[in-house]
Amino acid sequence: MKAFQVLFVLSLAATAAHGQSFHSGFCPRPSVQDHFNVTKYMGTWYEIEKLPAAFEKGKCVQATYSLLADGTVKVHNAELLSNGKINSIEGVARVKDPSQPAILGVSFFKGVPDGPYWVLSTDYQSYSLVYSCSDFFGLFHVDFAWILARTRVLTDAVISQLHDKLAAAGVNINRLTVTNQTGCEVMQKS
């Protein structure tokens, strides 16, 4: 039991050190987009704001989704690092339950469980609000949230509405950080 407590404390410390958003207890279960249409969601989305994520270290963060023949979604995430190099990763997203198509699981590595990707709200043409949360033994959870847009900017009015939706879902919007989407011309080639 002592070893488990030490591991638990170390994992919390590591998570906190990377700026992750962790909380005691189970993940909240916010409502998701009604009648979500995965086909209309395809294309490129630019990150406007996010909860801290240790796996994102650059600027100009963007995600491109494309529908595959088997009904899954190819995910291509890219960012521009401070050294001028483009860092990218590809994965696959799957709708977990056809009756809830706005709840997807995303996998970037074989043998690793899918990460949750819940589309809370989108108009498909200008904005998307995404939430992800993983429970750890019912003791704590780590959550992520992203405000995405079809362009590298989004109006303050839309951002404010999306903040309200996140807050209503129990997400601490004070921890959101703005993603730098300037000087991203090199990303057009990725």
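The values are calculated or read from the model by the stated rules, or taken from the named source; none is laboratory data. Remember, it's a predicted structure, so these values are computed and weren't measured experimentally. Glycine gets a Cβ as well: all are built from the backbone with ideal geometry, and neighbour counts include every protein chain shown.
Observations on the structure shown:
- Failed item, numbered, when Phe55 is tested on (1) touching a strand residue (DSSP E or B) at 6+ places or on another chain (Cβ under 8 Å); (2) under 23 Å from His141 (Cα atoms); (3) among the aromatic types (Phe, Trp, Tyr): (1)
- Only one of Val130, Val171 that is crowded, with 20+ Cβ neighbours inside 10 Å, without any contact (Cβ under 8 Å) to a residue 24 or more places away in the chain and either over 16 Å from Leu51 (Cα atoms) or not acidic (Asp, Glu) (or both): Val130
- The lone exception for Ala69 - which of (1) touching a residue at least 24 places away in the same chain (Cβ under 8 Å); (2) over 24 Å from Arg29 (Cβ atoms) it fails: (1)
- Selection count where residues are surrounded by fewer than 18 Cβ atoms within 10 Å (Cβ to Cβ), among the hydrophobic types (A, V, I, L, M, F, W, C) and more than 21 Å from Gln62 (Cα to Cα), scope region 133-167: 5
- Here Asp97 does not fit the description of being of a type in the set (Asp, Glu), modelled with pLDDT of 95 or more and surrounded by fewer than 13 Cβ atoms within 10 Å (Cβ to Cβ).
- Top-ranked residue in region 23-62 [being loosely packed, with under 15 Cβ neighbours inside 10 Å and in a strand (DSSP E or B); ranked as modelled with the highest pLDDT]: Gly43
- Put simply, of Asp135, Asp143, Asp164, Asp114 the only residue that is acidic (Asp, Glu), over 20 Å from Ile89 (Cβ atoms) and free of Cβ contacts under 8 Å to residues at least 24 places away in the same chain is Asp164.
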